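Read the figures in this text as sums done on the coordinates, not as results from a lab. Computed from a predicted structure; not experimentally measured. With ideal geometry, Cβ positions are generated from the backbone for all residues, glycine too; neighbour counts draw on all protein chains shown.
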Amino acid sequence: MSPGWWTLAGVSLAVLTLGALLRVRAGRITTPGTFRGEERGRRPVFEQLPPEMAEALRGAVRPHGTEADAAVTLVQLSTAFCAPCRHTRVLLSALAEREPAVRHVEFDLSHHPEWSTPLGVHTTPTTIALDPNGHELFRIRGVPRREGLTEALRSYVD
Amino acid sequence: MSTDHPVDPRGVRFTAWITSGVLSVGLVTGSWRVLAAQTALFALCAFVGLRMNPWGQLYRKTLRSHLRELPEEQGEDPGPVRFAQGVGFAFTLLATVGYATGWTTFGVVTNALALAAALLNAAFGYCLGCRLYLLVRRLAPAGSPTESH
C-alpha cells in the first residue's frame, strides 16, 4: 500500500473514533463536581455572572416575584438555526408541560454571545438545570436523552 | 449581503460525502489537479453562494424528490455552512500548493485534515467548520444584533 492509502485509512479510523466519542458524550448528564473544579454548583449561578445576565436568569427561575413555583428550571442555551437545539426545545417543552415542577426557558446565545464564557457553555444546545435558588444541579450538552433526564429530575421534583 | 435561503441539512451531508470521496482520491493520488478542482468548488460555495454548488443541484434534482418534504423550521442557517466551505477552501488551497510544489508532506497533512472534517460531517452530521463559525462570532460578535423571534 502506498502512503496515501495508509493516510486514508488513518484518517477514516480517527474520524470514526472521534465521531463515536462525540455521539457518546452528547446528551450525557454532567453534575457540577465533575467539571471546572468545585466552584460551580456551590454558589448560585447568579453570583458568578455579570448583573444583566444574572437578572435575566433570575427572572427565568422566578418569573412571578420571589415565590419559586418550579422545583427545577431547565435553562436551554441555543443558537439560531441549530437543528439539535430544535429537537431539545421540543423534548424539554413537552417535559415541562407534563411535569408542573419543571420549567423550561430558552435563551439564544447568538443574541448574547458574551454569556457563553461565564456560563461555561461552548456548544449548543446546552441545558443547565437550576434549583429555585439558582444552584446548578446538572447540565447536559447536546440533545438530552429522555430517560436519563427524567431519572435525573426525579430526585428533585418529588 | 447573501440572499441564501435556509439549506437542507440532508443536501449538506450529501455534498460532504462527495467531497470526502474527492479528497480521498486526492490523498491516494497526491494529484494537485484533484485538489485544485475541490478548491474551486469550495471557493464557489463560500464566496459566490451555496446555490452554486453542483452537488447540491444534483441532490435537488435526484434524491430530494424521493425524500419527505423538509419542514420549514428544519432548514440550516446558511451562514455557518458557507463559513465552513471557506475553511475547506483554505485547507484544500494549501494542499494544492503543497502537492504542486513537491512539498508533499505538507500537502498530505492539509489534505488529510480537510478529509477528516468532510468525513465527520458526512458520517456524523458534525460540522467542524460550523463550530468554528460560532467560535469566531463569539470572539468578534456581529455588530448588529439580529432581532428576536
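Here are the numbers for this structure:
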| read-out | value |
| --- | --- |
| Label-point separation in nm, A:R145 to A:T117, each point 7 Å along Cα→Cβ | 3.4 |
| Crossing angle, helix A:146-157 versus chain A [Cα axis fit, 0-90 degrees, rounded to tens] | 30 |
| Label point distance in nm, B:L70-B:V109, each placed 7 Å from Cα along Cα→Cβ | 3.6 |
| Solitary cysteines of the protein assembly as shown, where the nearest other Cys Cβ is not under 4.7 Å | B:C45 |
| 10 Å binning of all Cα-Cα separations within the stretch B:1-68, expressed as whole percents from 0 upward | 19, 47, 27, 6 |
| Directionally averaged projected area (convex hull, Cα atoms, the stretch B:9-139), nm² | 8.3 |
| Computed label-point distance, nm, for sites A:H135 and B:A40 using a 7 Å Cα→Cβ extension | 6.4 |
| The protein assembly as shown - Rg (one decimal) and Dmax (whole number), Cα, Å | 22.0, 71 |
| Ranked list, fewest to most other Cβ atoms within 10 Å of each Cβ, for B:L63, B:L128, A:L57, A:L137 | B:L63, B:L128, A:L137, A:L57 |
| Helix-derived mean residue ellipticity, 222 nm - over chain B, DSSP H n ≥ 4, -39500 (n - 2.57), to 500 | -21500 deg cm²/dmol |
| FRET E, pair B:K61, B:A90, Förster distance 30 Å, beta-carbon r, rounded to 0.05 | 0.50 |
| Ellipticity estimate at 222 nm from DSSP helix runs (n ≥ 4, -39,500 (n - 2.57)) divided over chain A, nearest 500 | -13500 deg cm²/dmol |
| Tensor-based shape of the stretch A:46-158 (alpha-carbon gyration tensor, a/c under 1.5 rounded, otherwise prolate or oblate) | oblate |
